[in-house]
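What follows is calculated from the coordinates using simple rules that are stated; it is not laboratory data. Keep in mind the model is a prediction, meaning the values are calculated, not measured. Here the Cβ positions follow ideal geometry from the backbone for every residue, glycine too, while neighbour counts run over all protein chains shown.
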Amino acid sequence: MASSTPIDAEEEQDPIAYGSGESLMARGENELHKHVALRVEAALGRSLPQVEVRFENVCISADIVMKDTTQTQIEIPTIANVIKMGVLQISSKKHVVKKQILRDVSGVFKPKTMTLILGQPGSGKSTLMKLLSGRFSARKSIVLEGEVVYNGIPRHTLLTRLPQIVSYVAQDDNHLPTLSVKETLEFAHACNGGGLLKRDEEHLRHGDMAENQAALNAAHDMYKHYPDIIIRQLGLEKCQSTAVGDAMLRGVSGGERKRVTTGEMAFGNKFVMMMDEISTGLDSASTFDIVSTQRSLAKTFGKTVVISLLQPSPEVFSLFDNVLLLNDGYVMYHGPCNEVLGYFEKLGFKCPPDRDVADFLMDLSTSKQRPYEVGAVPRMVVEFADAFKKSDIHKQYGMQMGEYMLSVYGVPTEKYWLWYGIGFLVASYVVFMMLSCLVLEYWRYESLENISFDVEDGDADKIVAPATDNYTPIKTPKVFPDPLNPKQTIDLLKGISGFALPGTITALMGSSGAGKTTLMD
């Protein structure tokens, strides 16, 4: 009897009906994602592709031009004043000030995880997300330092393809105001292929025939009705026929427009999703639904989801796996959400029971942190950053998988041990080669030649005397006709005599053509 697979067990419970977005979403988004992911993995023959984003010592600074002191006065725009200001602008010196946006930022965003980025306005959240998503505009006045890799591949080699791998939801809502909500999402879906691409279909060929067909059916139907699915996930059913609108054209509300922006970037097979301030204008319930959807995508499809929020509710905060706390460009904390309170308690900060964790974290390193202090605590942002770099969470969370596995068995992970190992191997090779030469040249055992051993009395009886009378003489032809010239003959054996004793081994030696085979025959 064949064993049942997870797909068969799911079909026995309550199969998901195809044909429309409503039928696909009948059992909820979590069941839909599990339904599709289970079949696609079976057809792929392996787990879904994933992308890990790792950044180390990232520093971004920009040169900002400040106004001259002569331009600070505002005068009536008369002809004389305009000419005067123009001359002053030409002759005045520009004051350039360097602003540090990100300061030695390091971290990792892993697949199947939800990471929350918290920080005050101007802390560098948007800059970091734009950099990691490939939307950061490089200018002459901007200096970028550090290393960013995606699954070990450097950022500069993937810069032109990053928009195909990483999606970025910006803070601004830029849409065609005359299009309806449904038309906007359908247009975004069409720009990303409008369905399952041919190259994706070719990958779904590694299971048996039934698994491949089930994966194709599920993927085709989900991508076909994906705009309708996104509308239902974001709660836009009632306004899907309403124009998006803008400041000049009346349309949907600000919160609904923000949800349209979020849904617009959900299309395409992106492995990393970065969302910048998606809760602006939304109530806590809508924010919870959107973040829950992203968590389902992260856990079932192995996506890497990074979201920055200003003031998340406790219910929303509990949906995240990790939190990255930024302030003035410094990393104050980057690690699991369930360890953040314990970490700051060790630094001397106690979160009151009636205070939200997110609000507590946002108040740190500001003038509002005094009510949380229970001892000697850091006060400057730099002190928080230095304390985090010295913590165990920073050492463990920033560790690569290979380093972690070596640390489990107590193997040193520093790179200089690699050179020590190479030097040890070279030295060992030289030493053992010298020892082998010494042994073979001076200490090897060689049997002595021309030495006769005394025969004991008991062994003398075992020697059998040659019995020549019992030999049967064999006549071998002295000559043999030459195969090439029958008139001539070849001498094979010439007067051969000898003996072979019982119980002995006789070696028959000679060069090629000496007659050994003929004699033995």
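Observations, loosely collected:
- Net charge over other residues, Cβ less than 13 angstrom from the Cβ of MET114 (K, R count +1; D, E count -1): +4
- Amide proton proximity set for ILE101, modelled H, under 5 Å, gap of 5+: ILE60, SER61, ALA62
- Summarising the overall dimensions of the stretch 228-295 from its C-alpha atoms, the Rg and Dmax are 12.0, 36 angstrom.
- Mean shadow area of the stretch 169-260 over all directions, Cα convex hull, nm²: 6.9
- Estimated FRET transfer efficiency when R0 is 56 angstrom, pair SER137-VAL411 (beta carbons, to 0.05): 0.80
- Between LEU438 and GLU202, full extension at 0.36 nm per residue minus the direct alpha carbon distance yields a gain of 78.8 nm.
- For the stretch 77-206, the alpha carbon positions stretch 77, 44, 29 Å along the principal axes, listed from largest to smallest.
- For THR262, neighbours were defined as the other residues whose beta-carbon sits under 12 Å from its Cβ, and their charges (Lys and Arg +1, Asp and Glu -1) total -3.
- In terms of packing, defined here as the mean over residues of other Cβ atoms within 10 angstrom, the peptides 262-271, 24-33 line up highest first as 262-271, 24-33.
- Rg/Rh, computed from the Cα trace of the stretch 223-361 with Rh as the Kirkwood radius, has the value 1.02.
- Sorting 280-287, 101-108 by average packing, meaning the other beta carbons within 10 Å per residue, from highest down gives 101-108, 280-287.
- Cα-based Kirkwood hydrodynamic radius, the stretch 256-338, one decimal, Å: 13.6
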